[in-house]
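Asks: Got a structure for you, written out below as structure tokens; questions coming shortly.
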Amino acid sequence: MNTRRFLLTCLTMIFSCLLAGNLTPLWAQRAAPDQYGVKLETSQGDIIIEVTRKDAPLGADRFHQTVKQGFYDECRFFRIVPKFVVQFGINGDPKIQTKWRESKIKDDPVKATNTRGTLTFATAGPGTRTTQLFINLADNSRLDSMGFAPFGKIIKGMDVVDKFTSKYGEMPQQGQIQAAGNAYLKKNFPDMDFIKKATIVPLQK
């Protein structure tokens, strides 16, 4: 195959992926670094997460991809169950959320434990992980046997997480968030805490 034909083939594959709504084209399929940091600038302060890829490679890759694409910017912490979890990961723009909603990744074997401060993908059953995550607020090691595979942990800012308002509990309806995004949340839950910006950052050695 000559160079011109090769380039045309590559371009055709890329455009086919985009037209089909495939959110993992060739350039997004690269593995994440073995370890990386993520900074969440939130309404209560900054949080630093350390991600260790070997703990859950597919989860770590998906988180790296979504953070780089700005998916979590302006995402609300829509479910807070005291002494259990803080959940987030539904995009505030329904159009963006619709594109990611069916972009599922396979399960990772559980290698780490759901202890306080660890970050784990939420699921609706086997093979259903997309973008929703939760932060463990306590020792939730009972989740290990249920297939919830942590891939990162908060190394700075757990005190920030503890400041998130829990007054709305589990009141926000996920179906409404999926359909109306932040417009629904801002109107009905105006004091809900949120991520201003999420970025990949170097880890302090």
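Asks: Would you pull out the residues with amide H under 5 Å of Thr118's amide H, same chain only if 5 or more places away, H placed 1.01 Å from N?
Replies: Asn136, Ile154
Asks: Across the chain, how large is the tail of the calculated P(r) beyond 26 Å, expressed as a percent of all Cα pairs?
Replies: 34
Asks: So for each of 122-134, 148-160 I average, over its residues, the number of other beta carbons within 10 Å; can you give me the resulting order with the highest mean first?
Replies: Those peptides, ordered most packed to least, come out 148-160, 122-134.
Asks: Please compute the net charge surrounding Ile200, taking Lys and Arg as +1 and Asp and Glu as -1 over other residues with Cβ under 11 Å from its Cβ.
Replies: +2
Asks: Related question: Show that you can apply the helix-only estimate: for the chain, add -39,500 (n - 2.57) for every DSSP H stretch of four or more residues, divide by all residues, and state [θ] at 222 nm to the nearest 500.
Replies: The helix-only estimate for the chain comes to -7500 deg cm²/dmol at 222 nm.
Asks: Out of residues 5 or more away from Thr42 or on other chains, whose amide H comes under 5 Å of its own, with H placed 1.01 Å from N in the peptide plane?
Replies: Ile47, Lys196
Asks: How big is D for the stretch 134-205, in µm² s⁻¹ as a whole number, if Stokes-Einstein is applied with the Kirkwood radius of its Cα pairs at 10 °C and 1.306 mPa s?
Replies: 105
Asks: Order of 189-202, 74-87, 53-66 by packing, highest average Cβ count within 10 Å first?
Replies: Answer by packing, highest mean first, reads 53-66, 74-87, 189-202.
Asks: In the chain, with Lys and Arg counted as +1 and Asp and Glu as -1 at Cβ, which of these residues, Val110, Ser141, Val81, has the Cα nearest the positive end of the dipole, that is, farthest along it?
Replies: The Cα lying farthest towards the positive end belongs to Val110.
Here, each number is a calculation from the coordinates, and none is a lab measurement. Note that the structure is a prediction, hence the values are computed from the model and not measured. Quick reminder, even Gly has a Cβ in these numbers, built from the backbone with ideal geometry, and neighbours come from all protein chains shown.
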